[in-house]
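Undergrad: Input: one structure, supplied below.
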Amino acid sequence: MTVNGGQNAYSLDAVVFVPNGCYFGNGAQRGVPLGLSVTPETESVILHLGRHEGVMCTQGVTPVRFQLAGIPISLGKTRLTAFVVMNGVVVGASSIAVPSGNESELAALTTLVAPQRSGAWIGPGEVGGWINRMPIGPSSVHIRVGMWAPTSGYLYRLTMVGPFGFTGRTLLCDLLATRPSGIALDVICHTIVPADGPLGPAEQYDSVLVRFEGTLAGGRLNEVS
């Protein structure tokens, strides 16, 4: 998920894992599948999945990617549910919390940090993490962001800021990327950037929002208990 505060909207980047290469993405749209209903707080999208018949396909689990831009941000919408539909039948669904701040709040978020562009970027669908509430030890939160860069040698710093949004269940983080100052390999590099920290008893998060060079990218926080 990428947020555009100036337009008070966000884009969805979704990945559906399928059993083999016969499947393909056939578009995404806002709406609710026929025969289903959602709560007023839920924004709903449909991911159309197709399948090639009578052809040889690569075997093994394969990601199918979907993108949908221009989903409006509203104070009344706190979750997004994506339904995977194939031949008119819902074959999967998943939900995530979404930002619910007003337009000025989101615009401020995307402009507060406006450093010189580093050339690095956040991978689609590569923002997420987990909350550890296991009985042994204090509760903690662990954020992971997949970063891509055009050369080797990039340095990253991911910092937790605090709760964001109408419900306060989204954890806002700041990400800083620094270009290499010396010799670097001219090859695209992938790095998993971590941030780990304690979680207070009153902190309740189910999603994370990462602010990076004027953009916002979000993902789910799963709980381990």
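The values are calculated or read from the model by the stated rules, or taken from the named source; none is laboratory data. All values derive from a computational prediction rather than experimental measurement. We place every Cβ from the backbone using ideal geometry, glycine too, and count neighbours over all the protein chains shown. Note: accessible area is taken over every heavy atom of the protein model, side chains too, but ligands, DNA and RNA are not part of it. Shrake-Rupley method; radii C 1.70, N 1.55, O 1.52, S 1.80 Å.
Undergrad: Pick out which of ILE183, ILE131, ILE71 has the largest mean-square fluctuation in a Gaussian network model of the chain, springs linking Cα atoms closer than 10 Å.
TA: So, out of ILE183, ILE131, ILE71, the one fluctuating most is ILE183.
Undergrad: List the cysteines of the chain that have no other Cys Cβ closer than 4.7 Å: which are they?
TA: So, CYS173, CYS189.
Undergrad: Need one value: the accessible area of MET134 in square angstrom, 1.4 angstrom probe, rounded to the nearest 10.
TA: 80 Å²
Undergrad: Continuing with this model, one more query. I'd like the accessible area for ASP174, computed on protein heavy atoms only with a 1.4 Å probe and all protein chains in place. Round to 10 Å², please.
TA: Surface open to solvent at ASP174 totals about 40 Å².
Undergrad: In nm, what is the difference between 0.36 nm times the number of residues separating ARG51 and GLN29 and their Cα-Cα distance? Working shown, then result.
TA: Values: separation 22, 0.36 × 22 = 7.92 nm, distance 1.84 nm.
My answer for the length gained is 6.1 nm.
Undergrad: Please express the Cα-Cα pair-distance distribution P(r) of segment 121-223 as a list of whole percents, one per 5 Å bin, running from 0 to the bin with the greatest distance.
TA: Taking every Cα pair in segment 121-223, the percentages come to 3, 12, 23, 22, 15, 11, 7, 4, 2, 0.
Undergrad: Can you pull the accessible area of ARG117 for me, 1.4 Å probe, Å² to the nearest 10?
TA: 140 Å²
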